[in-house]
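The values are calculated or read from the model by the stated rules, or taken from the named source; none is laboratory data. On a predicted model such as this, the values are computed, not experimentally measured, just so you know. Methodologically, a virtual Cβ is constructed for each residue, glycine included, from the backbone with ideal geometry; neighbour enumeration extends over all protein chains shown. Side chains included, ligands, DNA and RNA excluded: accessible areas come from the protein's heavy atoms. Shrake-Rupley method; radii C 1.70, N 1.55, O 1.52, S 1.80 Å.
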Amino acid sequence: MGTSGRSFSPVGARAALTLLLAGILVAGCSSTRPVTPDPTPRESSAPAPRPSALAAACEVKLPAAWRSALDAGELRVPAGERAVLTDTGPGWTAVQLSGGDRRRAALVRADGMPRTLLTLADPVEHQLLAADFDGRRWAAFAVLEGRTLDSPWSLYVWDAETGSSRRLARADRPGPLPQPVVRDGAVHWAQGVGDGKATVYAARASGGAPRALHTGVLDAPFAAGGLLVWRESAGSGTRLAAVSLADGRPTRLPGPLAGLRDIRSVVSDGGGGTSGGGGGSGGGTWAWVAGEAEPRLMVWRTGDPRPTAVVTTSPAVDGMDQLRISGRLVTWRTPETSYALDLGSGSYARITPAYGYAQARGGALAVAYSVGNAKASGSRPVIQVVDAGRLPGLPRCG
C-alpha cells in the first residue's frame, strides 16, 4: 500500500510493524518507571485561552530538560523479556513482550507493571499490531498473524475486570490494517470485505454481533471528539468522511475539513464532541500531510479561519508519516528519525536518534529507539514514556 493521497497507508499499524521488523527492543529490567499522565481529566471553571495564530515553525535543538524527562521515563521491563512499543495513551502503554519461548501482548499502566492481554499463539510469526484502551475496563488490540503487511490479523477485546480476552473479528482479505478505537464501551474498526472495499464496524465490548456502519474504499478510522473519521476514495481523489460515535450516523466535519482532498496521515487530538441530529464537531487540533512533490505539515484548530502550513522544510517533511497529537504537541516520523512540534512555541525539534519512533497521544509522549546499530550486538534499545503536559515548551524561534 502506498502513502499518497490517492492510496491508503495504515498509519498506526505500519508504525508498530516497522518497530517489530527493525528490532527496536528493550531488554532486561530498568529501575525507572514510565511517567504516565493522570487519566482523570481536571475541569476548570475558567475558559481556556484562545491560542495565538499559527505561523510557519522553525527547527530548534531539543532542550536538555526534555532529554532528562525522557530518560527518567524509561519503561521498566520484566527481567528476561524484550519489549516493543505499540501504542500509548492517557495512563497506559501497550507493548509486545518476548522472552524464552513466549510472546505476549501487555498493557503497562501507571504502576509500571505490565498486565498480560494475550499470550500469542505463535511466538515467532504473530505480532502485536495496534491497541486502544478506555483507561478503565476495555482494551482492544490487533495481532498480525505473519511478518508481512498482507498477513491475516485478528482483533481482540480484553476485560480488565476478568483479565481475559476474546476474539472479536478476524480479517483475511486485503484492506486497511486495524487501528481499533474504544469509546463508551464500544469498539470501532475497519476491515477488508473484498472487491477492494472495506467496512467500518462497531461492536459492544461486552459482547454481541458487530454492526456495519459504512462500506467503501477507505482507510482505518480514528476518533476525533464525538466523531469517527476516515479517508475514503471519492472518484477523482480522496476525502474525509465521518460518523457519530454515539449512533453511527453520517455527520458533518468541522470547519474546512470537509473540503480537503488528497491528503494523508490525517490525525486529530480527539477534542470536541458531536452536536447530534446528524451534525458533529471534531473539535480540538487536526494535522495532516498535504502535497506530494513539496509535502507540508498542515495544522487546523477549532476557530482558525483556515489551515496553516506549519512545517515545510526538508528533511523534516521528507517521507513525513505517522502523525500524532497530544495537547500542544504534534509528532511525526520520517525515514530517518522522528520530530515533535510545539504549537505553543512555534518550533519543532528532532526527538529521537536515527530511525527512532515517537508518538504523542492522550497526554502521553512515547519514544522508541536504539542506542547504536539495532541489528548489531551491544546496542541498547530504549522505550520511554512521559507526561507530555509536564514537558517545558520548546525554545521559540529567533
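All conditions but one from (1) within 27 Å of Ala223 (Cβ to Cβ); (2) assigned to a loop (DSSP other than H, G, I, E, B); (3) open to solvent by 70 Å² or more (accessible area, probe 1.4 Å) apply to Lys61; the one that does not is (1).
Of all the criteria given as (1) over 16 Å from Trp288 (Cα atoms); (2) charged (D, E, K, R); (3) not in a loop (DSSP other than H, G, I, E, B), the one not satisfied by Arg324 is (1). For the structure I just gave you, tell me whether Ala110 is hydrophobic (A, V, I, L, M, F, W, C), in contact with a Gly (Cβ under 7 Å, 6 or more places away or on another chain) and either on the phi > 0 side of the Ramachandran plot or touching a residue at least 24 places away in the same chain (Cβ under 8 Å) (or both). It is true that Ala110 is hydrophobic (A, V, I, L, M, F, W, C), in contact with a Gly (Cβ under 7 Å, 6 or more places away or on another chain) and either on the phi > 0 side of the Ramachandran plot or touching a residue at least 24 places away in the same chain (Cβ under 8 Å) (or both). Of all residues in the range 142-165, exactly one satisfies the criterion of being under 21 Å from the mean Cα position of the chain (by Cα), of a type in the set (S, T, N, Q) and not in a loop (DSSP other than H, G, I, E, B), namely Ser154. Note on the range 140-199: residues that are hydroxyl-bearing (Ser, Thr, Tyr) and open to solvent by less than 10 Å² (accessible area, probe 1.4 Å) total 2. Going by the structure shown, is Tyr348 assigned to a loop (DSSP other than H, G, I, E, B) and crowded, with 16+ Cβ neighbours inside 10 Å? For Tyr348, the condition - assigned to a loop (DSSP other than H, G, I, E, B) and crowded, with 16+ Cβ neighbours inside 10 Å - is not met. When you check Arg115 against the structure, is it part of a strand (DSSP E or B) and open to solvent by 50 Å² or more (accessible area, probe 1.4 Å), yes or no? Yes; evaluated as a whole, the condition is true for this residue. Of all the listed residues (Tyr348, Tyr369), the sole one being at pLDDT below 95, out of contact with any Cys (no Cβ under 6 Å at 6 or more places or on another chain) and among the aromatic types (Phe, Trp, Tyr) is Tyr369.
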